[in-house]
Amino acid sequence: MVSVEVAEQQQANEAPRDYVIRLATTKASAGYQLHPGHVVMGADTIVVLGDKVLEKPRDKLHAVKMLQVLSGATHEVMTAVCLCREGESRTLCNTTQVSFREISVQEAEHYWQTGEPADKAGGYGIQGYGGIFVERILGSYSCVVGLPLFETSQLLAQFGVPIWHIEENNNCYE
């Protein structure tokens, strides 16, 4: 895995879907510049409530405020995945609806203390403690985690990258 520095700043009048697709594409392109000749994947996830994008929290106060805004509401999680190689890139985006139960300020503060929400869009991770806030989802769980597996497997197949590799000696998957 390669980490690239990409400014995560929504442009004026940029729709959330366009924004997350741009971020994933920019990350994949930047990764390709570091590893030319390879198939490179970039991905990004955002949380959207109404038409407002909720980024990663800046600090505890910001995280608690975001969780209070999401409390008792349904929001969207959008994850875009981009694969690129020389002269070609393809991007797919998944949008999943997530409904939260009511969250008290005290719960949000305790959740911050776990360290989990600090680097998560919308200030929560469904795959960890943040999952206790989720009443229901409509769509892809893996999208909310941050890598929609269905879309990723489609892109890998389009690029001829094998998804399954079976070790002949012990039938293990790599």
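The values are calculated or read from the model by the stated rules, or taken from the named source; none is laboratory data. Values in this document were obtained by computation on a predicted structure and should not be read as measured data. Here the Cβ is made from the backbone with ideal geometry for all residues, glycine too, and neighbour counts use every protein chain on show. Quick note on the areas: whole protein, heavy atoms, side chains included, nothing else; ligands and nucleic acids left out. Shrake-Rupley method; radii C 1.70, N 1.55, O 1.52, S 1.80 Å.
Under 16 Å from a label point set 7 Å out along the Cα-to-Cβ vector of residue 86, the amide N atoms of the range 11-47 belong to 32-40.
Computed from Cα atoms, the angle from the helix 149-158 axis to the main principal axis of the chain rounds to 20 degrees.
Take each peptide in 141-152, 119-130, 8-19, count the other Cβ atoms within 10 Å of every residue, and average; sorted highest first, the result is 119-130, 141-152, 8-19. Between the range 115-150 and the range 1-61, what is the C-alpha centre distance in whole Å? Between the Cα centres of the range 115-150 and the range 1-61 lies a distance of 17 Å. Taking label points 7 Å from Cα along the Cα-to-Cβ direction, residue 138 and residue 118 give a separation of 3.6 nm.
When the accessible area of the range 1-98 is split by element with a 1.4 Å probe, what percent falls to carbon and sulfur?
Working: 2610 of 5270 Å².
Summing carbon and sulfur atoms, their accessible area is 50 percent of the total for the range 1-98.
If R0 is 22 Å, the Cβ-Cβ spacing of residue 13 and residue 49 corresponds to a FRET efficiency of close to 0.75. Per residue, the chain exposes 57 Å² of accessible surface when a 1.4 Å probe is rolled over the protein heavy atoms with every protein chain present.
Regarding the range 77-155, what is the average projected area of its C-alpha convex hull, in nm²? Please list the in-between numbers first.
Working: hull surface 23.1 nm².
About 5.8 nm², averaged over all directions.
For mean projected area of the Cα convex hull in nm², the choices are (1) 16.5; (2) 11.7; (3) 13.1; which was calculated from the structure? It is the value labelled (2).
Can you tell me the dipole magnitude for the range 1-85 around its Cα centre, using point charges on the Cβ only (Lys, Arg +1; Asp, Glu -1), in Debye to the nearest 20?
120
The charge dipole of the range 65-153, taken about its Cα centre with unit charges on the Cβ of Lys, Arg, Asp and Glu (plus for the first two, minus for the last two), comes to roughly 100 debye. Take the Cα radius of gyration of the range 1-88 and divide it by 2.2 N^0.38 Å, N being the number of residues; the result is 1.25.
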